[in-house]
Amino acid sequence: MTVIVTLLYPKGSKPFDMDYYLNSHMQLLQKTWQNSSGGLQKWQVVKLNPSSGYVTKCILEWDNQENVGKAFGSEDGKKILADIPNYCDVQPEQHVGEVVGGN
């Protein structure tokens, strides 16, 4: 069953570096989890209105929950998470759920 991981980045004390996020961080994530058959199906990044309290939303679509756990718990996953300070000074909120409907 398809699983969606949504990462919400709250507004921090420093600006969110969208250029680094898209061109370095997300490329590392794609290379590690998508191109290597790690279970990541696709990803999207949404620039949010900062008045909401959040600046960026990342949506990761996975093939199943097991691969999500493996990815985030792996050594490569730890490297990806350790990259966060390179583009922002806050930790994202993480929301995980199974897709139960859609068109």
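Assorted remarks:
- Inter-label distance for SER24 and VAL90, nm, one decimal - labels placed 7 Å from Cα along Cα-to-Cβ: 2.1 nm
- For the residue pairs LYS14/LYS70; LYS31/LYS70; LYS11/LYS70, alpha carbon separations beyond 23 Å are given by LYS14/LYS70; LYS11/LYS70.
- Ranked order, MET1, MET26, MET18 - accessible area, probe 1.4 Å, largest first: MET1, MET18, MET26
- Heavy-atom surface of region 1-96, accessible at 1.4 Å and reported per residue (Å²): 57 Å²
- Within the accessible surface of region 1-54, defined with a 1.4 Å probe on protein heavy atoms only, the carbon and sulfur portion equals 50 percent.
- Other residues whose C-beta falls under 15 angstrom from the C-beta of TYR20 contribute a net charge of -2, scoring Lys and Arg +1 and Asp and Glu -1.
- Shown here: mean projected area of the Cα convex hull in nm², derived from the displayed model; of the candidates (1) 8.0; (2) 6.7; (3) 11.6, it corresponds to (2).
- Note, ³J(HN,Hα) from phi for region 77-87, Karplus 6.51, -1.76, 1.60, rounded to Hz, x at Gly and Pro: x, 5, 5, 5, 5, 5, 7, 3, x, 6, 10
The values are calculated or read from the model by the stated rules, or taken from the named source; none is laboratory data. A quick note: this is a predicted structure, and the numbers were derived from the prediction, not measured. Every residue, glycine among them, receives a Cβ derived from its backbone with ideal geometry; neighbour counts consider all protein chains shown. Just the protein is used for accessible areas: all its heavy atoms, side chains included, with ligands, DNA and RNA removed. Shrake-Rupley method; radii C 1.70, N 1.55, O 1.52, S 1.80 Å.
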